[in-house]
Amino acid sequence: MAITGNGNNNFCFNVSGDSLAGIHYLLGVRVVFSAGAAGNSALLVDAQNSTIYHCIADGANYTDGWAVLDQVNGIELSALTGDAEVYVKVRK
């Protein structure tokens, strides 16, 4: 599935392999597991496969977020278990 966005540099990743190419200033990440269970996880990496953000749900309907405030080269949802949406806010 393709990445969706709202035109304000907010993007939604929801399938492993979704990616955003190029250099971006990453403001923050928010993950929402709409159902799921403890142990479901989401992993965002950069173009060098270094971890940007990783979270592991501790129960159903888990949400988590993190301000990153860093420049990154490429953003990829490398791994996703469970039913989740990963929201990424960037500044170009």
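Listed by first and then second residue, the pairs with beta-carbon distance under 6 Å, at least 6 apart or on different chains, first residue in segment 26-40 and closer than 14 Å to residue 11 by Cβ, second small (Gly, Ala, Ser) and in a strand (DSSP E or B), are 28/67; 30/65; 31/42; 31/84.
On inspection, residue 64 fails the criterion of being modelled with pLDDT under 95 and out of contact with any strand residue (DSSP E or B) (no Cβ under 9 Å at 6 or more places or on another chain). Restricting attention to segment 69-91, the residues that are in contact with a Cys (Cβ under 7 Å, 6 or more places away or on another chain) and farther than 13 Å from residue 13 by Cβ total 0.
What residue, among those in segment 59-84 that are surrounded by fewer than 16 Cβ atoms within 10 Å (Cβ to Cβ) and in contact (Cβ under 8 Å) with a residue 40 or more places away in the chain, is nearest to residue 33 (Cα to Cα)? Per the criteria, the residue is 83.
When every residue of segment 42-58 is checked against the conditions, at least one turns out to be on the phi > 0 side of the Ramachandran plot, modelled with pLDDT of 90 or more, out of contact with any helix residue (DSSP H, G or I) (no Cβ under 8 Å at 6 or more places or on another chain) and surrounded by fewer than 19 Cβ atoms within 10 Å (Cβ to Cβ).
The values are calculated or read from the model by the stated rules, or taken from the named source; none is laboratory data. Only a predicted model underlies this, so the values are computations on that prediction, with no experimental measurement involved. Quick reminder, even Gly has a Cβ in these numbers, built from the backbone with ideal geometry, and neighbours come from all protein chains shown.
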